[in-house]
């Protein structure tokens with residue numbers, strides 16, 4: 001949602017707020033390996049190229065796992081090697097580099113691989129927000145970090161010239177530089193360079209724009225008064241989104257998304273953008289409920305949400321091969337959006353949806369609206385008040401929010417040149433501290449490597465589980481307890497344990513950055529009521545060994561199963577497999 005610029009002004013250069021990453025796993029005998037892959041996602045049969053930043057001990061090995069099961073175990077030498085992506089489509093894998101020390105396995109590093117021919121199956125959405133005169137090294141620094149987080153979509157926020165005229169210049173002769181709505185200098189070479197870099201990593205580049213925005217000079221570009229929304233039946237006052245001038249160069253006036261002439265006009269302008277820059281699609285925005293009666297030029301009332309599907313379908317018809325996504329601000333219009341040809345369901349989360357429980361409810365609602373086929377991305381801005389001024393993100397708040405979003409099968413729009421703290425994406429006041437940088441790598445590896453357990457069907461349920469080590473409650477969470485989120489996958493029961501034992505609030509936004517890190521519990525014990533005879537139990541956590549999975553010893557007596565996991569910090573996933 002486009003909003004007034006706060007104290008975080010646009011950064012024209014890549015500075016110390018850039019999302020730089022620490023990809024290391026858990027140190028073993030002082031060995032911590034940073035791993036990268038050459039793509040954010042792969043098609044079945046593709047060659048996957050891995051690169052590490054140091055030579056491993058001679059006995060080091062690599063194992064490729066799917067849902068905790070070893071598919072292949074191989075020796076490794078050198079800093080680069082390749083692996084052929086398996087033939088099964090839409091599958092996540094965890095790759096572990098390990099050795100044996102004192103008779104036990106130690107993890108040197110981990111990384112996930114997504115093998116999916118269509119990114120819409122498991123979307124992970126990053127962003128860009130500043131397009132000053134950057135060189136190829138600066139561009140690739142940002143895009144390499146998004147690749148390490150496995151982002152398969154990147155939305156280009158506020159890149160365009162004007163909302164009604166996104167391309168500056170002509171298709172035959174596009175301008176080398178233009179002023180965006182905030183009067184920032186945007187450069188053709190930077191936008192084009194980012195699109196090309198996205199494609200080199202198998203990411204989809206999405207051009208951001210409102211569904212219904214026109215600036216004050218739109219008449220000169222052929223936008224007619226008959227296309228607008230009005231505050232009165234006599235079309236005397238156009239509906240307007242007020243912006244402070246300066247720095248902004250115009251207010252935004254709203255057109256009628258269902259007006260066929262407007263649809264044709266903006267579709268043509270969007271197609272010009274596709275031709276010049278090679279964008280893969282259109283990230284459609286709105287500003288939410290206007291809380292007033294709106295009229296078209298003829299004096300008829302307009303129900304704004306009911307216009308969204310018509311608009312999306314018109315844009316799709318004009319360029320059928322292009323990808324579409326539309327923001328649902330506080331879920332406004334989401335039922336209509338979900339019925340249209342969008343790749344995934346994008347929800348910008350605002351009050352009254354401020355509790356951790358609301359994050360899960362939104363994702364479950366989206367799952368129902370999309371028939372389980374359209375996954376959720378939540379634009380949920382962290383440490384919101386803190387982001388008014390320069391400082392650091394609060395790691396516990398961000399990590400707890402991601403644990404909840406990921407455990408429910410969603411993904412979080414939060415990473416670009418920097419991490420998001422405000423809805424005005426160029427705001428880069430807050431920097432990720434080192435522990436959060438490391439956590440984000442592990443959390444996105446976890447989201448990707450275990451995507452089939454987190455985001456691929458099943459039914460949410462309430463496992464019957466108790467603990468001798470901590471207080472448990474089935475979702476929603478309670479302060480002072482560990483909350484349990486279950487997903488029944490038939491022959492697998494997934495049990496998520498999210499630790500709120502030290503939480504000082506159940507508000508996910510952690511607006512002032514005061515959330516507390518949960519105390520780690522070592523070797524917690526559990527008793528679980530199983531539905532069938534258990535064949536195997538294993539566990540994984542983004543907080544331990546970079547998300548590497550580990551077998552769990554258990555005993556079963558009747559339907560009672562007892563087991564112990566290594567530890568719990570923020571989030572553990574326990575997987576019970578039945579015979």
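The numbers here are math on the coordinates, done by the rules we state, and not lab data. Model, not experiment: these values are computed from the prediction. Methodologically, a virtual Cβ is constructed for each residue, glycine included, from the backbone with ideal geometry; neighbour enumeration extends over all protein chains shown.
Numerical summary
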| quantity | calculated |
| --- | --- |
| Packing-based exposure ordering (other Cβ within 10 Å, fewest first) of 121, 235, 164 | 235, 121, 164 |
| Acute angle (nearest 10 degrees) that the helix 188-200 long axis makes with the longest principal axis of the chain, alpha-carbon atoms | 30 |
| Helical contribution to [θ] at 222 nm, DSSP H n ≥ 4, -39,500 (n - 2.57), averaged over the chain, rounded to 500 | -6000 deg cm²/dmol |
| Euclidean distance between Cα centres, segment 463-514 to segment 116-131, Å | 28 |
| Using alpha-carbon coordinates, inclination of helix 136-148 to the longest axis of the chain, degrees | 50 |
| Answer label for Cα extents along the principal axes in Å (calculated), chosen among (i) 71, 62, 47; (ii) 88, 75, 60; (iii) 77, 47, 44 | (iii) |
| Relative contact order [Cα under 8 Å, 6+ residues apart], segment 459-578, whole percent | 27 |
| Pairwise FRET efficiency - residue 141 versus residue 557, Cβ, R0 = 60 Å, nearest 0.05 | 0.60 |
| Rounded Å value of the spacing that divides the Cα centres of segment 252-272 and segment 403-420 | 31 |
| Cα centroid of segment 186-221 to Cα centroid of segment 154-174, whole Å | 5 |
| C-alpha long axis of helix 260-277 to longest principal axis of the chain, angle in ° | 60 |
